[in-house]
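The structure appears right after this line, and notes come after that.
The values are calculated or read from the model by the stated rules, or taken from the named source; none is laboratory data. Just so it is clear, the model here is predicted, and its values are computed rather than measured. Positions of Cβ are backbone-derived with ideal geometry, glycine not excepted, and every protein chain shown enters the neighbour counts. The accessibility values were calculated without ligands, DNA or RNA, using every heavy atom of the protein model including side chains. Shrake-Rupley method; radii C 1.70, N 1.55, O 1.52, S 1.80 Å.
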Amino acid sequence: MTQVSMTVNGKAVSGEVEGRTLLSGFLRDSLNLTGTHVGCDTSQCGACVVHVDGVAVKACAMLAGEAEGAEVTTIEGMAKPDGSLSTIQQAFQDHHGLQCGFCTPGMVMSAAALLQDNPNPSETEIREYLEGNICRCTGYHNIVKAIMAAAGQDVSKIAAE
Amino acid sequence: MYAFEFERPTTVDDAVKALASEDAQALGGGQTLIPTLKQRLAAPETLVSLGGIAEMKGVCIGDSGEVCIGGATSHATVAAEAGQYPALAELAAHIGDPAVRNRGTIGGSLANNDPSACYPAAALGSNATIITNKRDIAADDYFQGMFTTALEEGEIITEVRFPVPEKANYQKFVQPASRFALVGVFVAKYSDGVRVAVTGASEEGVHRWSEAEEALSADFSADAISGLSVPADGLIGDLHGTPEYRAHLVKVMTGRAVTASA
């Protein structure tokens, strides 16, 4: 067992982990931040996407020890300081960007990373960026629409398909 | 995963020392190795992360204009910062997905030498120099078959140097489920000739297509390879494509890469 320390959602945290402990496991089991979902555990589905030092990573494909000293943001850190939903989260709610909701934490974290790099992405760019996030309800259309809306684009003309 | 000790040295020297212990294994970005460990297909005693070694990260331009990339540099960084070699930056920008590109490293990809990985095609197609803690290895000598390289036990790729060609392009026909290359072809035109490297197709891993290189060195156009054919012998056959299908794709993707070269 070794000690790891990092900043998660702005708070300094530390804990004892095994060498093989994944970041997803540390977040969920040690910190009880269960918003980070583990869908496939084979790094394909993207439900576990979090931000590490400002970039999106799959928390199930990174060891907790690799995040030593890092700034980590999870879905629990996305709401505004007053507890209300962030722009992206609100857009997912407004545009029905979730059905069962299992993939949503990863979708929101990927969307946030995209909009950080590219504040006004095209529909094609959004779809390409979400290549590593799988929605098993196949609700992609409204997810893409929500992200376009979060970017401030007029989505009123985009029909629900 | 089986249990292992985890070390995260901050210098190449310390990483080399840590890797000298029995059954130690280097960890790049872990985008292949961690899933492999989860499948219990590997059981190292110690995993030595190369992710904390600042001297192995980043992109720079060498004295002869070559693009030099630290072994622990992520695909995303190469995509963003290797603009001096646009075909290479473009290749890096289409490996896996964005989250994978933020973790996966060039050194990890080349050390693993997956037969369907993209970077081996760029390295072989450019005759890049693979620099380790011990020596410099030309790409022509480095790739030795599927998942096999010239690396010795405990040897670390610290840097990769790519001579920048006049024109180059990489065309990948993605396997629709994994998004790995079903067939990928990297074409690079240098003043002394054209190199064509093929990934995804062969049971021997990445390899050069010498007939196409000769034809394209004489006439750099897609027409120059129209009369050539690729034998299906030794090519990979699986549910995604037969050896004959992959052979056909090699020629098609080479033609597309030549046409798209800029």
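Exactly one residue out of B:D97, B:D140, B:D136 is at pLDDT 95 or above and within 14 Å of chain A (Cβ to nearest Cβ): that is B:D97. In segment A:40-51, the residues that are closer than 13 Å to B:K38 by Cα and within 9 Å of another protein chain (Cβ to nearest Cβ) reach residues that are modelled with pLDDT of 95 or more and part of a strand (DSSP E or B) with C-beta atoms within less than 8 angstrom, at least six apart or across chains, in these pairs: A:S43/A:K58. Against the numbered list (1) under 30 Å from A:A59 (Cβ atoms); (2) in a strand (DSSP E or B); (3) in the same structural domain as B:A79 (by TED's automatic domain parsing), B:I130 comes up short only at (1). Scanning segment A:1-20 for residues that are at the interface with chain B (Cβ under 9 Å from one of its Cβ atoms) and either over 25 Å from B:E45 (Cβ atoms) or in a loop (DSSP other than H, G, I, E, B) (or both) yields A:E18, A:G19, A:R20.
Checked against (1) over 27 Å from B:I95 (Cβ atoms); (2) within 12 Å of chain A (Cβ to nearest Cβ), B:P35 meets all criteria but (1).
For segment A:21-38, the set of residues classified as within 15 Å of the chain's Cα centre (by Cα) and either closer than 24 Å to B:F6 by Cα or within 13 Å of chain B (Cβ to nearest Cβ) (or both) consists of A:L23, A:S24, A:L27, A:R28, A:L33, A:T36, A:V38, listed by residue number.
Here B:Q25 fulfils each of the conditions (1) away from chain A (no Cβ under 14 Å); (2) closer than 26 Å to B:T129 by Cα; (3) surrounded by fewer than 20 Cβ atoms within 10 Å (Cβ to Cβ); (4) over 19 Å from the mean Cα position of the chain (by Cα) apart from (1). Taking the options B:R256, B:R161, name whichever one is within 15 Å of the chain's Cα centre (by Cα) and charged (D, E, K, R). Criteria check complete, one pass: B:R161.
Within segment B:55-70, is there a residue that is open to solvent by 10 Å² or more (accessible area, probe 1.4 Å), closer than 25 Å to A:L22 by Cβ and modelled with pLDDT of 95 or more? Yes, because at least one residue in segment B:55-70 is open to solvent by 10 Å² or more (accessible area, probe 1.4 Å), closer than 25 Å to A:L22 by Cβ and modelled with pLDDT of 95 or more.
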